[in-house]
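One structure is given below, encoded as structure tokens.
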Amino acid sequence: MTTQVKFLDTTLRDGEQSAGIGMTVDEKLQIARQLARLKVDIIEAGFAASSPGDFQAVQRIAQEVHGPVICSLSRAVAGDVDAAWNAIKDADSPRIHVFLSSSEIHQMHQLRKDREDVMTMAVEMVARAKSYCDDVEFSPMDATRTNPDYLYRMLEEVIKSGAKTINIADTVGYAIPSDFQAMLRDIQLYVPGIEGVTLSVHCHNDLGLAVSNSLAAIEVGARQVEGCINGIGERAGNASLEEIIMALDTRKDLFGVELNIDTTQIYAASRLVSRITGMSVQANKAIVGENAFRHASGIHQDGVLKDRSTYEVMSPERVGLPPEVQLVLGKLSGRAGLQARLELLGYSLDREEVTGVYQRFLELADKKNEVTDRDLEILMDEENRTA
Ligand code: KIV
Ligand code: ZN
């Protein structure tokens, strides 16, 4: 079994399903470029058939963003599969991701279809996707509440139709790490052909277990994980990618897996997603929260001043917070400090632009002890509106 774990980022698709957010095509492109710098393996750029705007966003990302595989989601219906292909066909490495509900609850109450008809739809639409593109992923939606024998049969059939990645979706965040591990072990035991495809997991956070479930899955052989930056997504969100990445990176001794990720791009990705979606990151959020590397108590500060490892399990530099930008920004800060911090937040400005922003920064700094990242983002928004 390979030791490589791949990351499929779905911030632009499942992340956009967070209540109350919407992103423009240009905003999606900005995020996709940052995800490429972060070196995620696959970007799920959207759901091409869902709207003309989403189609356009997926198409532009496919044409303009290089490095990761570019993927579009698709229901198991012909029109969706065709739209997905039309949107991604210019990508260096395109992928179609077909999903269909496998649980009785979904099939009975939502799809209102017979389970054998659903099986046929899955098989036929994976085959249709395969006729366009070699790289096809299939997700049984609500897999964790599905009858196991039916699930095994569905997976066996879609593998025969050409699916190369099988993504076990914990759509409603129902799984618990121990039972999720048992389920994944059984899938590997009872589904013929599973050894020849990539086993993936897609965990939601309804019980606050999305990251734990994803890590538990990796322990028993999952080699692709799906999630979103800052853990955004439907309801309580998707698994937070930066938390999974840093758990694997920090506890290499336990997991022994390899990642392509450039962890030093995590902070910039987090700030960019927060700024564009308007979803703030709680201060005590692991890895990217404002307080994640701040020490308040005297004993802790004493330890950290002697050696950071006393109270830190990873260095701030590892997630993209270099020492110079851990410095407080205020009225004594210079242009270089301001520019470095703005770059870290995902803005690229030339010297002249920095000089313009710097005047407004000083006016603000005169009124405050510390100019925070959020203050800078508001300042940049105002600057862009007046430009
Ligand atoms: O949560 C889910 O089941 C999904 C699928 C479309 C993979 O997002
Ligand atoms: Zn989902």
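Here are a few things to note about the model shown:
- Put a dot 7 Å past the Cα of Thr250, heading toward its Cβ, do the same for Tyr190, and the two dots end up 3.6 nm apart.
- Restricting the trypsin sites (Lys or Arg not before Pro) of segment 340-386 to loop positions (DSSP other than H, G, I, E, B) with no more than 12 neighbouring Cβ atoms within 10 Å leaves Lys367, Lys368.
- Backbone HN-Hα couplings from phi across segment 267-274 [Karplus 6.51/-1.76/1.60, Hz, Gly and Pro as x]: 4, 4, 5, 4, 5, 4, 5, 5
- Over all other residues within a Cβ to Cβ distance under 12 Å of Asp82, the charged ones net out to +2, with Lys and Arg as +1 and Asp and Glu as -1.
- Note, ³J(HN,Hα) from phi for segment 342-354, Karplus 6.51, -1.76, 1.60, rounded to Hz, x at Gly and Pro: 5, 4, 5, 8, x, 9, 10, 10, 7, 4, 5, 5, 4
- Listed residues Asp80, Asp253, Asp179, most fluctuating in the chain (Gaussian network, C-alpha, under 10 Å): Asp253
- Entry note, segment 217-311: relative contact order of 17 percent, from Cα contacts under 8 Å with a spacing of 6+ residues.
- Size-normalised alpha-carbon gyration radius of the chain, reference 2.2 N^0.38 Å: 1.05
- Fluctuation leader among Cys203, Cys133, Cys228 - the chain, Gaussian network, Cα springs under 10 angstrom: Cys133
- Calculated [222 nm] ellipticity per residue, helices only, for the chain: -13500 deg cm²/dmol; basis is -39500 (n - 2.57) per DSSP H run with n ≥ 4, divided by all residues, nearest 500.
- Dipole magnitude of segment 284-387 about its Cα centre (Cβ charges: Lys, Arg +1; Asp, Glu -1), debye to nearest 20: 260
- With θ taken as phi - 60° and the Karplus curve 6.51 cos²θ - 1.76 cosθ + 1.60 applied, the whole-hertz 3J(HN,Hα) list for segment 52-59 is x, x, 5, 4, 4, 5, 4, 4 Hz, x standing for glycine and proline.
- Only protein atoms count toward the accessible area here, which uses a 1.4 Å probe; on the chain, the carbon and sulfur part of that area reaches 49 percent.
- Once both labels are positioned 7 Å from their Cα atoms along Cα-to-Cβ, the gap between Asp134 and Thr355 label points is 5.4 nm.
- Within the shell of other residues whose beta carbon sits under 13 angstrom from the beta carbon of Gly46, the net charge comes to -3, with Lys and Arg scored +1 and Asp and Glu -1.
- Taking the centroid of alpha carbons for each part, segment 88-159 and segment 242-284 are 29 Å apart.
- Computed about the Cα centre, the dipole magnitude for segment 154-283 is approximately 280 debye when only Lys and Arg (+1) and Asp and Glu (-1) carry charge, each at its Cβ.
- Candidates Leu155, Leu349, Leu73, ranked by Gaussian network fluctuation over the chain, Cα under 10 Å, top entry: Leu349
- Total formal charge among the other residues, if their Cβ is under 14 angstrom from that of Met1, Lys/Arg +1 and Asp/Glu -1: 0
- Calculated accessible area for the chain comes out at 44 Å² per residue, all protein chains present (probe 1.4 Å; ligands, DNA, RNA ignored).
- Leading residue at positive end of dipole, segment 292-387 (Cβ point charges), from Leu344, Ala292, Tyr311: Tyr311
- Short-range pairs are left out: with C-alpha atoms under 8 Å and at least six residues apart, the relative contact order of segment 246-387 is 21 percent.
- Each Lys and Arg contributes +1 and each Asp and Glu -1, all at the Cβ; summed about the Cα centre of the chain, the dipole is approximately 280 debye.
- A probe of 1.4 angstrom, applied to the heavy atoms of all protein chains, finds Met380 with accessible area near 10 square angstrom.
- Structural descriptor for segment 137-287: relative contact order 18 percent, calculated from alpha carbon pairs under 8 angstrom and at least 6 residues apart.
- With a threshold of 24 Å on the Cα-Cα distance, the over-threshold entries among Lys39/Lys89; Lys39/Lys160; Lys28/Lys368 are Lys39/Lys160; Lys28/Lys368.
The values are calculated or read from the model by the stated rules, or taken from the named source; none is laboratory data. Quantities reported herein were computed from a predicted structural model and do not represent experimental measurements. Ideal geometry is used to build each Cβ from the backbone, glycine not excepted, and the neighbour counts take in all protein chains shown. All accessible areas refer to the heavy atoms of the entire protein, side chains included, with ligands and DNA or RNA removed. Shrake-Rupley method; radii C 1.70, N 1.55, O 1.52, S 1.80 Å.
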